[in-house]
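Take a look at the structure below.
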Amino acid sequence: MTPARPPETIGAVWAAFLAADPAGLPAAERSARQQLERFDAASRGGILRDLQAIEDAAGLQEDPLPFLRRRLMDLVDRRVGSGELIKLACGGPGGGAGSAGPTMQSLDLVAADCDVQIAVLRAYARRNFGDAGEGDWFAAYGRLSGFYHGLMARGLNRPLPEWFEFDGRRYAATRANMIACRDACLAAPPGRRFDLPPAGAPAAAAACE
């Protein structure tokens, strides 16, 4: 039997996102609304279709929430990875945000697309599944993804961190540990708070720093 679609559709969440007063939105959603202004009508339609495709696929799952979280994780990884590539491009020969030309602009739009999709999917998950909250799995996974992509970006020219912090514990920086922490994010019940470092604190310390 096909699971019932959640009562609030992605289209309705999208419409509310567009209609909301940006001043009243949380910081992440307000930033995403600003990013959305960079896209023309056709591109906005494409973003909505991508979101609706995620909604349709989630509706075929026995339990849609883990599926939605995986898609959010994919978007976070893409967003963070794009950000690391932008940093590398800015720090390359010539420096400056404009030095990479079309490549930089393309990466920047990828990041903006991810920001918009993340904001709408988070609102969709919150309204239909109560899956959002300060310090929740999403915040924990954001730090995990940031550590992983930072590790990949810095690995060629800096000492590699030997450990990372997740949910108040230190872990050796191994693939198996990162997968285990990712799985903990997937399995966390809605509303479960993770023990996160203060905002702005590094995700890990390099062995030689």
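What does the extension gain come out to for Arg193 and Gln52, with contour length at 0.36 nm per residue minus their alpha carbon separation?
Details: separation 141, 0.36 × 141 = 50.76 nm, distance 2.87 nm.
47.9 nm is the gain from fully extending Arg193 to Gln52.
Could you please report the charge total around Leu25, scoring K, R as +1 and D, E as -1 over all other residues with beta-carbon less than 14 angstrom from its beta-carbon? Working shown, then result.
Values: positive: Arg30, Arg33, Arg122, Arg126; negative: Asp21, Glu29, Glu37, Asp115.
Taking every other residue near Leu25 into account, the sum is 0.
Any idea of Glu37's accessible area? Nearest 10 Å², probe 1.4 Å.
Around 120 Å² of this residue is reachable by solvent.
Any chance you could look up the accessible area of Trp14 with a 1.4 Å probe, heavy atoms only, rounded to 10 Å²?
20
Given a Förster distance of 25 Å, report the FRET efficiency between Phe39 and Ala15 from their Cβ-Cβ distance, rounded to the nearest 0.05.
Numbers: r = 16 Å, r/R0 = 0.65.
Working from the Cβ atoms, E equals 0.95.
Once label points are set 7 Å from the Cα along Cα→Cβ at both Glu62 and Arg127, what is their separation, rounded to one decimal in nm?
2.9
Considering region 103-185, what Rg and Dmax in Å follow from its alpha-carbon atoms?
Every Cα atom of region 103-185 included, Rg and Dmax give 15.3, 45 Å.
Which FRET efficiency, nearest 0.05, do Arg170 and Glu134 yield, Cβ-Cβ r, R0 25 Å?
0.60
The values are calculated or read from the model by the stated rules, or taken from the named source; none is laboratory data. Since we're looking at a predicted model, the values are computed, not measured. Positions of Cβ are generated from backbone atoms using ideal geometry, with glycine treated the same way; all protein chains shown enter the neighbour counts. Side chains included, ligands, DNA and RNA excluded: accessible areas come from the protein's heavy atoms. Shrake-Rupley method; radii C 1.70, N 1.55, O 1.52, S 1.80 Å.
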